[in-house]
Amino acid sequence: MKKKFLSLATLGAVVLTLSLTACGGKNESKIGPEGELSGEISLSGAFALYPLAVQWASEFQKLHPGVKIDVSAGGAGKGVTDAIAGVVDFGMVSRELSEAEIQRGAVGFAVAKDAVVPTINAQNPTINELKKHGITRDNFVELWIKGAKKTWGQVAGTNNATPIVVYTRSDACGAAETWAQYLGGKQEDLNGTAVFGDPGLAAAIQKDVNGLGLNNIGYAYDTKTGKPNPGIAVVPIDINNNGKIDDEEYFYDTKVDIVKAIADGRYPSPPARDLYFVSNGVPTNPVVVAFLEYILTEGQKENGPQGYIEIPQEKLDAGLKKLGAK
């Protein structure tokens, strides 16, 4: 199965960008005589971390009005590239760093945890059967990695002959890399119609009743209601391969349910994963250091309300030690 590409115009999906201030790179920062901070901080990268980073930035700016923060989302690949190049202070990265990236100076700080989930259209013709039986990892491998043609009936155990339309990501991103890792491959091994960005892929699934995609939980679920976003359903994974979704395997109705399942290890890892702020070397700019120190301490209280999982204390302590703040 060859990858196909949908135009951004068709999907109405562009690089999602929030400028909390004017766009900035490396800028002069300082600590005033009364300890007040001033300066600019810039972040780019993973769609998965974007909503939480925006919240952190907003809260930090309330504490330090003299600090201006720019946050833009364009995929984990862009984040790590921008960080290594020194274009931004932090790249937002939703996967583990490669050895090559580390050799080029990338330093990662674990700041949150979430997961990638398989998504379908809420009007999928076999949705009731899928909720009962789920989809096994082996079937996901056949669909995404092997490119085998399958119908919804073959996957759901019915006689529905409608072909499954598989979607993947066109941008270098942590979500697709993490999902591919779960299936035993790399992002470039994923077959399907390639769509840019988490919002774009979610929109594609909302429009295609026969679509099967992958999304970070922040784009599969509505932050306010906690339920799957309109037009989207999350497919249960048959983790123990027994042909049915047992009670301990069903935790997809709300964002609260799946976050709890990720936190206690019932949802597999991968596709659950840590999320990182990545810098070129250990940061030394005092304002940048203060922002990261806030995220690794007080800022962790924002993770839960935003639908993310807090990082275990030992990892936070390791990050603070690396930063020289502990």
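Which percentage, to the nearest 5, of the DSSP beta bridges contained in the range 130-288 is antiparallel? Mind showing how you got there, number by number?
Values: 2 of 8 bridges.
So the antiparallel bridges amount to about 25 percent of the total.
Please report, for the Cα atoms of the chain, the Rg to one decimal and the Dmax as a whole number; what are they, in angstrom?
That works out to 20.1, 74 Å for Rg and Dmax.
For Thr223 and Glu99, FRET efficiency with R0 = 45 Å and r from the beta-carbon atoms, rounded to 0.05?
Working: r = 35 Å, r/R0 = 0.78.
Efficiency, from the Cβ-Cβ distance: 0.80.
On a full-extension model of 0.36 nm per residue, what is the gain between Asp317 and Lys207, subtracting their alpha-carbon distance, rounded to one decimal in nm?
Details: separation 110, 0.36 × 110 = 39.60 nm, distance 4.41 nm.
Computed gain between Asp317 and Lys207 is 35.2 nm.
Can you tell me the 0 to 90 degree angle between the C-alpha axis of helix 198-207 and the longest principal axis of the chain, rounded to 10?
Computed tilt is about 30 degrees.
Relative to the compact globular guide of 2.2 N^0.38 Å, what is the alpha carbon radius of gyration of the range 115-263, as a ratio?
Working: Rg = 13.9 Å, N = 149, 2.2 N^0.38 = 14.7 Å.
Here the answer is 0.95, to two decimals.
Could you give the alpha-carbon Rg of the range 178-326 over 2.2 N^0.38 Å, rounded to two decimals? All intermediate terms of the calculation are to be shown ahead of the outcome.
Numbers: Rg = 17.8 Å, N = 149, 2.2 N^0.38 = 14.7 Å.
My calculation over the Cα atoms of the range 178-326 gives 1.21.
Report the Stokes-Einstein translational diffusion coefficient (µm² s⁻¹, integer) for the range 189-277, Rh taken as the Kirkwood radius over Cα pairs, at 25 °C with viscosity 0.890 mPa s. Intermediate results must be reported in sequence, preceding the final value.
On the way: Rh = 14.3 Å.
For these conditions, the coefficient is 172 µm²/s.
Please give the FRET efficiency for Ser38 paired with Ser269, using the beta carbon to beta carbon distance and R0 = 56 Å, rounded to the nearest 0.05. Let's see the in-between values first.
Values: r = 40 Å, r/R0 = 0.71.
Once the sixth-power term is evaluated, E becomes 0.90.
Using Cα atoms only, what is the angle between the long axis of helix 50-63 and the major principal axis of the chain, expressed in degrees (0 to 90) to the nearest 10?
Between helix and principal axis, roughly 30 degrees.
Based on DSSP, what percent of beta bridges with both residues in the chain are antiparallel, to the nearest 5?
That works out to approximately 60 percent antiparallel.
Taking the Cα atoms only, what angle lies between the long axis of helix 286-296 and the longest principal axis of the chain, rounded to 10 degrees?
40
Holding the Cα-Cα limit at 32 Å, pick out from Lys186/Lys260; Lys146/Lys301; Lys149/Lys224; Lys207/Lys255; Lys68/Lys186; Lys224/Lys315 the pairs that are longer than that.
Working: Lys186/Lys260 27 Å; Lys146/Lys301 42 Å; Lys149/Lys224 37 Å; Lys207/Lys255 22 Å; Lys68/Lys186 37 Å; Lys224/Lys315 29 Å.
Cα-Cα > 32 Å for Lys146/Lys301; Lys149/Lys224; Lys68/Lys186; rest within.
Does anything in the range 134-166 have its amide N under 20 Å from the 7 Å Cα→Cβ label point of Tyr250, and if so which residues?
Flagged as within label range: 134-137, 155-158.
Nothing charged except the Cβ atoms of Lys and Arg (+1) and of Asp and Glu (-1): what's the magnitude of the dipole of the range 115-263 about its Cα centre? Round to the nearest 20 debye.
In debye, rounded to 20, the range 115-263 gives about 260.
May I ask you to evaluate 6.51 cos²θ - 1.76 cosθ + 1.60, the Karplus curve with θ = phi - 60°, for each residue of the range 225-234 and list the ³J(HN,Hα) values in order in whole Hz, giving x for glycine and proline?
Working through the residues one at a time gives 8, x, 9, x, 4, x, x, 10, 10, 9 Hz.
Any chance you could run the full-extension gain for Asn240 through Glu298? It's 0.36 nm times the residue separation minus the Cα-Cα distance, nm to one decimal.
On the way: separation 58, 0.36 × 58 = 20.88 nm, distance 3.79 nm.
Gain on stretching Asn240 to Glu298: 17.1 nm.
None of the figures in this text is laboratory data; all of them are computed from the coordinates on show. Because the structure is a prediction, the values reported are computed rather than measured. A quick note on method: Cβ atoms are made from the backbone with ideal geometry, for glycine too, and the neighbour counts reach across all protein chains shown.
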